[in-house]
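Worksheet: the structure to be examined is printed underneath.
Every number in this text was worked out from the coordinates using simple rules, so none of it is lab data. Worth saying up front: this structure is predicted, and the values here are computed from it rather than measured. Positions of Cβ are backbone-derived with ideal geometry, glycine not excepted, and every protein chain shown enters the neighbour counts.
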Amino acid sequence: MATTKKKMVQWDPAHVKAELLAKYPTKVARKRSKQIMINEALENETPEITANVRTTPGIITMRGCTYAGCKGVIMGPTRDIVNIVHGPIGCSFYAWLTRRNQTDAGTDGENYMNYCFSTDMQDSDIIFGGEKKLAQAIQEAYDLFHPRSIAVFATCPVGLIGDDIHTVTKKMKEKFGDCNVYAFSCEGYKGVSQSAGHHIANNQVFRHIVGENDEEKPGKYKINLLGEYNIGGDGFEIDRIFKKCGITNIATFSGNSTYDQFASAHKADLNAVMCHRSINYVADMLETKYGIPWIKVNFIGADATAKSLRKIAQYFGDQEFIDQVEAVIAEEMPKVLEARADVRTRTEGKTAMMFVGGSRAHHYKELFNEMGMKVISAGYEFGHRDDYEGRQVIPDLKVDADSRNIEELVVEQDEKRFNPRKSAQEIKALEDAGYEFKKYDGMAPDMDKDTLIIDDLNQYEAEKMVELMKPDIFCAGIKEKYSIQKLGVPMKQLHSYDSGGPYAGFEGAINFYHEIDRLVNSKVWSYMKAPWQNNPQLSASYGCE
Ligand code: CFM
């Protein structure tokens with residue numbers, strides 16, 4: 001039976017906002033109201049949004065916990081560090097290979113990605129303390145694998161009972177002598193979201209690993225790629241392009257990475273930042289301590305990829321390198337443009353919504369633009385104001401009890417290894433030519449006027465938005481997937497990519513075009529009716545009758 005439901009193509013953002021808030025008690029509505037912004041997209045004058053604040057208890061948030069951000073997001077993709085979770089087994093199990101961060105297993109045999117290491121805390125450990133058990137677990141991992149590094153992650157009960165994981169790891173490091181052992185106080189409750197976990201993880205990587213290997217690395221154009229996690233093989237595609245261009249990627253933080261990559265990161269001459277949210281402070285620290293400048297890049301979208309490659313080439317400034325980058329773009333683009341022209345005949349004018357993490361809800365707009373699709377609403381789960389409004393707001397960010405909870409490392413110039421890669425004049429010459437260092441304008445200026453930007457969207461609001469705005473596709477994560485599909489709208493996971501990817505770079509763009517084309521042009525979800533929608537009256541009789 002054909003569906004007779006009419007699409008609501010016109011909606012008023014003020015009406016949608018009012019509808020979203022209508023069900024809440026006054027106090028909650030007041031708070032949520034500040035996190036729901038009708039975009040004005042005024043040049044250089046983005047309205048303020050409330051972000052990085054606690055979710056109101058009772059609301060079913062899309063967010064994850066601090067432990068997830070530390071163990072899963074930042075440290076998860078590195079293959080040769082044994083990651084031991086100190087806590088109940090569930091915390092390990094749910095972080096075990098669920099993020100689809102891929103790795104090249106390497107030839108040295110050091111790949112611990114498939115393993116799930118846990119101290120498996122029991123009631124008695126909670127009562128009597130778990131430090132001895134942790135020391136035993138570290139010893140056991142060392143004896144079995146002899147890894148170059150062991151990392152320990154605290155889960156909620158560890159903080160509550162006060163196990164001193166840092167003293168345990170320090171003692172074990174001294175005992176072994178040939179294995180770097182350190183810990184992360186990343187209890188799930190430590191911050192308002194996984195964003196706090198990123199910060200805790202990156203601080204410790206910077207403190208315990210970066211700068212450990214001073215060996216010279218070969219390569220003429222050496223960069224680090226910060227904030228790329230190789231989901232669905234994105235990092236493989238980016239590395240393929242880098243190689244063709246002659247770019248040496250010293251370290252990716254942290255997709256497809258190794259311990260040695262982090263240890264050598266101070267040997268690069270430029271830091272290229274993909275995911276601003278999860279790592280921008282590391283870029284700042286690398287600049288202060290070692291003199292490596294940083295730029296914002298984006299390899300999501302073919303046009304964005306070309307732009308980012310040109311930006312890297314312009315930084316180094318060699319004509320030969322610039323020509324090589326242009327040759328690679330010229331070689332890669334025709335097949336992208338061919339695929340784009342084909343899908344556009346079917347995707348032009350379709351609408352999308354994106355509610356993902358802290359950077360993808362912005363980056364993926366590039367790909368939708370390339371397909372002629374319009375993003376009518378977007379938001380981050382845990383972005384901060386600078387990810388919405390641009391880095392210029394950083395000095396005005398409110399420091400509250402939650403943000404104060406997260407350590408800010410104080411970094412100084414490394415006496416021996418600080419080496420400004422560009423002189424002040426060189427930097428100025430580049431800037432005078434329009435080159436932008438440490439610049440990120442955030443999501444809002446990129447969104448159309450009168451679209452809705454919503455921070456920390458929840459289950460209720462997601463369903464209401466779909467009902468009111470009827471997008472052709474909704475992008476979020478596994479927790480939202482099935483409830484959205486049940487509303488008759490296709491749903492694409494932009495965290496794990498479902499089973500797809502890569503979507504980065506040139507090949508990735510083609511993959512994305514094809515997949516979104518299939519999704520928005522398939523009617524399958526619109527035929528979806530729950531039994532009670534077709535037959536609202538159920539009748540039954542007792543078995544004994
Ligand atoms: Fe950065 Fe990420 Fe993201 Fe993120 Fe993430 Fe992720 Fe993400 Mo899921 S680091 S903020 S904590 S780009 S796991 S690879 S997809 S929420 S938008």
For the chain, take N as its residue count and report Rg(C-alpha) divided by 2.2 N^0.38 Å. 1.01
For every other residue with a beta carbon closer than 11 angstrom to the beta carbon of residue 213, add +1 if it is Lys or Arg and -1 if Asp or Glu, then tell me the sum. -2
Cα extents of region 195-350 along the three principal axes, largest first (Å): 52, 38, 23
Debye log10 I(q)/I(0) at q = 0.21, 0.22, 0.23, 0.27 Å⁻¹ for region 430-494, Cα point scatterers: -0.91, -0.97, -1.03, -1.25
What order do you get for 355, 145 when you list them from fewest to most C-beta neighbours inside 10 Å? 145, 355
If you average over every viewing direction, what projected area does the convex hull of the Cα atoms of region 277-349 give, in nm²? 6.8
Cβ-Cβ FRET estimate between residue 399 and residue 542, R0 fixed at 60 Å, reported to 0.05: 0.40
Rg over Rh of region 200-260, using C-alpha atoms and the Kirkwood radius, what does it come to? 0.98
Disulfide-incompatible cysteines by the Cβ rule (no partner under 4.7 Å) in the chain: 65, 91, 116, 156, 179, 245, 275, 475, 544
Just rank 299, 382, 176, fewest to most, by other beta-carbon atoms within 10 angstrom. 176, 382, 299
Could you pull out the GluC sites (Glu not before Pro) across region 148-249 that fall in loop regions by DSSP (anything but H, G, I, E, B) with no more than 10 other Cβ atoms inside 10 Å? 215, 216
Residue span residue 167 to residue 327: 0.36 nm per residue of separation minus Cα-Cα distance leaves a gain in nm of 52.2 nm
Cβ-Cβ FRET estimate between residue 28 and residue 408, R0 fixed at 35 Å, reported to 0.05: 0.70
Just check region 309-452 against the gyration tensor rule for me: Cα atoms, a ≥ b ≥ c as the square roots of the eigenvalues, rounded for a/c under 1.5, and otherwise prolate or oblate depending on whether a/b exceeds b/c. oblate
Fewest to most Cβ atoms within 10 Å: 336, 399 sort as 399, 336
Could you tell me how far the Cα centroid of region 485-545 sits from the Cα centroid of region 368-398, in Å? 27
Residues residue 104 and residue 431, FRET efficiency given R0 of 35 Å [Cβ-Cβ distance, rounded to 0.05]: 0.40
Do any chymotrypsin sites (Phe, Trp or Tyr not before Pro) in region 34-129 lie in a loop, going by DSSP, with at most 12 other beta-carbon atoms within 10 Å of their beta carbon, and if so which? 94
